[in-house]
Amino acid sequence: MGAPSHIVLKGAAREHVMPPSQDPLYAGLGQAVRIGTELLAALIVGGGLGWVIDTYLLDSNPWGMVMGLALGAAAGVRNAYRSAQRWQS
């Protein structure tokens, strides 16, 4: 019995590739989860870099982390806006 067409086997590892959803609700939900994940990742990276700057480079507690979180939030909102623009077109 052959493998279903939506499963791609590569060497010893198996990669499951789901076909895109035809239901607009699920397509929109996937886009929302992606944007939320990008926002969270930007905040984590910005806060982490700010913490590293505070702890190891400048000893400026808490201003490095505050600036890192602000820059991470700005980058996350920018990425979310760009993703929403691509989604509309």
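Every residue, every condition in (1) closer than 13 Å to residue 68 by Cα; (2) of a type in the set (A, V, I, L, M); (3) surrounded by fewer than 10 Cβ atoms within 10 Å (Cβ to Cβ); (4) modelled with pLDDT of 75 or more, yes or no:
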{"site": "3", "(1), (2), (3), (4)": "no, yes, yes, no"}
{"site": "12", "(1), (2), (3), (4)": "no, yes, yes, no"}
{"site": "15", "(1), (2), (3), (4)": "no, no, yes, no"}
{"site": "34", "(1), (2), (3), (4)": "no, no, no, yes"}
{"site": "38", "(1), (2), (3), (4)": "no, no, no, yes"}
{"site": "41", "(1), (2), (3), (4)": "yes, yes, no, yes"}
{"site": "44", "(1), (2), (3), (4)": "yes, yes, no, yes"}
{"site": "48", "(1), (2), (3), (4)": "yes, no, no, yes"}
{"site": "52", "(1), (2), (3), (4)": "yes, yes, no, yes"}
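Identify the residue in region 53-89 that is not in a helix (DSSP H, G or I) and not polar (S, T, N, Q) and, among all such residues, is nearest to residue 30 (Cα to Cα).
Filtering first and then ranking leaves 62.
The values are calculated or read from the model by the stated rules, or taken from the named source; none is laboratory data. On a predicted model such as this, the values are computed, not experimentally measured, just so you know. Because the Cβ atoms are built from the backbone with ideal geometry, glycine has one as well, and the counts that use them run over all protein chains shown.
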